[in-house]
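**Q** One structure is given below, represented as structure tokens, and several questions about it will come after.
The values are calculated or read from the model by the stated rules, or taken from the named source; none is laboratory data. Just so we're clear, the structure is a prediction, and the values are computed from it rather than from any experiment. With ideal geometry, Cβ positions are generated from the backbone for all residues, glycine too; neighbour counts draw on all protein chains shown.
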Amino acid sequence: MTTRPTTRPARAHFSSGPCAKRPGWSPANLAIESLGRSHRSKIGKARLKLAIDLTREILNVPSTHRIAIVPGSDTGAYEMAMWTMLGARHTTMMAWESFGEGWVTDAVKQLKIPSDVVTAPYGELPDLTRIDQSNDLCFTWNGTTSGVRVPNGNWIREDREGLTFVDATSAVFAQDIPWDKVDVLTYSWQKVLGGEGGHGMLILGPRAVERLESYSPAWPLPKVFRLVSKGKLTEGLFVGETINTPSMLAVEDYIDALEWSKHIGGLPELMARADANAEALNRWVDSRPWIENLAKLPETRSNTSVCLTLPGAAEETPKAMAALLEKEGVAFDIGAYRDAPPGLRIWCGATVDTADIEALTLWLDWAYAEVTAA
């Protein structure tokens, strides 16, 4: 039985989404000279290239893979990859949460390409060992709305015939990505590093470049999707010559996030922070009978977007808890995603301190007691 607190816990401030506070970081020299300048100016190009170079350094992206800044956040980056490369061979669309389901819709209803659709309920993964890897494979590495991630890349064959298209927007900077198993990877700045929204990152391995240069899709491509000119990859995209105008303010914020990441110890420390946050939350979940992790298996549980359910509770209970904590100014946007089962979604990425997660659990106890007291 949960004991109802007699007083509110100590004041805290928490958001389920990425938090841009970057603990312990006070950048001395934000490159404001690039603000208000054209992205095609010498300094604009240099800052965009720096963003790409720091991305490669922090994520340990091999020299064989190209990195581009593209419009439209992760959605724009992933759809750019789908629209330019899918259709060359049969495709397997894999979905275990809402964003994966969105990619299924793109393939089946918009592009109308020959596709197998493999799904699993929220909280579960399909049997990855049974996936036909002669096909192109499209999937989310970490299900932001389900809290379910692929445990590793061991199931992806090195001699696969198809390409792997990986939506990793809530996985990069928190989970280890085996680049030899990834042909296309996308993410956005606002997720794990807590940057500004609107810009996407597209990372292409050599097999993806080969596909782009040897295959022309049957459908027309809008300008913002075009990666090839006269049958050759547009190399300028991968040194900061963006297709359209980016926000240089957002670029500087992304560079700041990357420099903070480097300052605290790079990818190992980012992953360690996310792991510590998720472990702290899961310890609390395991000690409470009224709340559970939506992801059934521990090895598939996300360490960034942790999704929780309240078995046996009224459907409105988690919504009421989220609303109450928002009213208190303690936690914001912690309700489950609109398409997911009713519950809570807690962000545990590296920009959050473990002490904040621990403080939040006290407030969750208090909110549950308040909402169910009647």
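**Q** Within region 331-365, count every residue that is farther than 30 Å from Glu259 by Cβ and buried (at least 16 other Cβ atoms within 10 Å of the Cβ).
**A** Total satisfying the criteria: 12.
**Q** Here is a further query. For region 105-120, which residues satisfy the criterion of being surrounded by fewer than 20 Cβ atoms within 10 Å (Cβ to Cβ), of a type in the set (Val, Ile, Thr) and either touching a residue at least 24 places away in the same chain (Cβ under 8 Å) or not assigned by TED's automatic domain parsing to the domain that holds Ser188 (or both)?
**A** Across region 105-120, the qualifying residues are Val117, Thr119.
**Q** So in region 47-67, with the set limited to residues that are without any contact (Cβ under 8 Å) to a residue 12 or more places away in the chain and either surrounded by 13 or more Cβ atoms within 10 Å (Cβ to Cβ) or under 21 Å from Gly265 (Cβ atoms) (or both), which one is farthest from the chain's Cα centre (by Cα)?
**A** Asp53
**Q** I've got another one for you. Does Gly123 qualify as being in contact (Cβ under 8 Å) with a residue 12 or more places away in the chain, out of contact with any helix residue (DSSP H, G or I) (no Cβ under 8 Å at 6 or more places or on another chain) and buried (at least 20 other Cβ atoms within 10 Å of the Cβ)?
**A** It is true that Gly123 is in contact (Cβ under 8 Å) with a residue 12 or more places away in the chain, out of contact with any helix residue (DSSP H, G or I) (no Cβ under 8 Å at 6 or more places or on another chain) and buried (at least 20 other Cβ atoms within 10 Å of the Cβ).
**Q** Return the residue satisfying two criteria in turn: it lies in region 284-309 and is polar (S, T, N, Q) and over 18 Å from Pro341 (Cβ atoms), and of such residues it is surrounded by the fewest Cβ atoms within 10 Å (Cβ to Cβ). It would help to see each step written out before you state the result.
**A** First, the residues of region 284-309 that are polar (S, T, N, Q): 287, 293, 300, 302-305, 309.
The next check asks that each one be over 18 Å from Pro341 (Cβ atoms); those that pass are 287, 303-304.
Values: Ser287: 9, Asn303: 26, Thr304: 28.
If we take residues in region 284-309 being polar (S, T, N, Q) and over 18 Å from Pro341 (Cβ atoms), then Ser287 is surrounded by the fewest Cβ atoms within 10 Å (Cβ to Cβ).
**Q** Please indicate, with yes or no, whether at least one residue in region 213-234 is over 26 Å from Asp136 (Cβ atoms), touching a helix residue (DSSP H, G or I) at 6+ places or on another chain (Cβ under 7 Å) and assigned to a helix (DSSP H, G or I).
**A** Within region 213-234 (the criterion being over 26 Å from Asp136 (Cβ atoms), touching a helix residue (DSSP H, G or I) at 6+ places or on another chain (Cβ under 7 Å) and assigned to a helix (DSSP H, G or I)), the answer is no, since none of the residues qualifies.
**Q** So, of the residues in region 29-79 that are assigned to a helix (DSSP H, G or I) and polar (S, T, N, Q), which turns out to be farthest from Trp141 (Cα to Cα)?
**A** From region 29-79, those assigned to a helix (DSSP H, G or I) are 32-34, 42-59, 73-79; that's our starting set.
When the remaining residues are screened for being polar (S, T, N, Q), the result is 34, 55, 73, 75.
Working: Ser34: 34, Thr55: 18, Ser73: 17, Thr75: 14 Å.
Among them, the one singled out is Ser34.
**Q** Please indicate, with yes or no, whether at least one residue in region 144-156 is free of Cβ contacts under 8 Å to residues at least 12 places away in the same chain, over 14 Å from the mean Cα position of the chain (by Cα), farther than 22 Å from Leu227 by Cβ and surrounded by fewer than 22 Cβ atoms within 10 Å (Cβ to Cβ). First the steps, then the outcome.
**A** Taking region 144-156 as the starting set, the residues that turn out to be free of Cβ contacts under 8 Å to residues at least 12 places away in the same chain are 154.
Okay, now just the ones that are also over 14 Å from the mean Cα position of the chain (by Cα), so 154.
Okay, now just the ones that are also farther than 22 Å from Leu227 by Cβ, so 154.
Checking the rest, the ones that are also surrounded by fewer than 22 Cβ atoms within 10 Å (Cβ to Cβ) come to 154.
Among the residues of region 144-156, at least one is free of Cβ contacts under 8 Å to residues at least 12 places away in the same chain, over 14 Å from the mean Cα position of the chain (by Cα), farther than 22 Å from Leu227 by Cβ and surrounded by fewer than 22 Cβ atoms within 10 Å (Cβ to Cβ), which makes the answer yes.
**Q** Does Ala81 satisfy being within 16 Å of Thr234 (Cβ to Cβ) and within 19 Å of the chain's Cα centre (by Cα)?
**A** For Ala81, the condition - within 16 Å of Thr234 (Cβ to Cβ) and within 19 Å of the chain's Cα centre (by Cα) - is met.
**Q** Hey, another quick one. Taking Trp290 as the residue in question, decide whether it is farther than 27 Å from Ala171 by Cβ and among the aromatic types (Phe, Trp, Tyr).
**A** Yes.
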